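Chemist: Quick one: this structure, given as structure tokens, is what I'll be asking you about.
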Amino acid sequence: MIKSLLVGVDGSEYTDSVLKYSIEMARAFEAKLRVMTIIDVRIFEWSVYMGVDGFAPVFPSSVYLDESRKLLNQKADSVLGKCKEILDQAGVSYTIEKVEGAPVDTICDKANVTDMVVLGAHGEFARWGTKMMGATTEAISKQCEKPLFIVPKQVKKIKKILAPYDGSRNSNRALPMAGFFGIKFGAPITVFTVDDNLEAAQTVAKEGKEYLSAYDVPVEIETRKGNPDEEIVRYCDEGNFDLIVMGAYGHSRIKEAILGSTTEQVMRTARVPVILVK
């Protein structure tokens, strides 16, 4: 099911955990890693700054652009060199690539020839501290059609899997991924449904369990009342789960605009990896 993974690295404090999770998946799936770092070419474009009297275009000098490109290339080479050392020591199959382009577009394009994309929850500016999801990762989660494995800073062995399930199309599409990971990592799965009508929640959760009965992995169900995004993260912490596998953006765009997206809230607040499936 998963034989190749596109692994985005940028030298941030999340790069180490991205590599560790990717190596574990490469071993479990006998998959190949396609490790890539991107030089963001947008910084070479001229910028417009607000001046006292209005907008004034400022064109960076050719010397500045040349030096900036040189420094970014040196950084990319250093990042990939360190990744190569780690991957060689791990003994997994991989390729390494340095690409110039806009990060979101580049990753979405490269994802077309891989089975899953692996990214850190935050990028190179994570050290400044933020409770928000990294802008690149969040944009990719909306645009990329391939499953996305979002990595937190801390690494945990995958021993228990939480599969939030609401019966929606994308939620249903996430179940095979949960079953696949459950088998490969020997991890039991809990199908978790949130609905103010607990009887309806039980019906939906049982449907998810019935689907996963075809997989050789223990499956339980749990239901709760409340807001799905809050309850998913709360139950994940309570149950000491190691991975969340869920459908991405299952509600209507109108509901997301008014109430916010469950997908985004779980991505921002979960302390374990989150796999998003469309």
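The numbers here are math on the coordinates, done by the rules we state, and not lab data. Keep in mind that what you see is a predicted model, and the values were worked out from it rather than measured.
Chemist: Note the full-extension length gain between residue 27 and residue 159 as 0.36 nm times their separation in residues minus their Cα-Cα distance, in nm to one decimal.
Modeler: Values: separation 132, 0.36 × 132 = 47.52 nm, distance 1.56 nm.
In short, 46.0 nm is gained.
Chemist: With no solvent and one equal point scatterer per Cα, compute the Debye intensity ratio I(q)/I(0) for the range 161-272 at 0.16, 0.17 Å⁻¹ and report its log10, rounded to two decimals.
Modeler: The computed values of log10 I(q)/I(0) come out as -0.66, -0.75.
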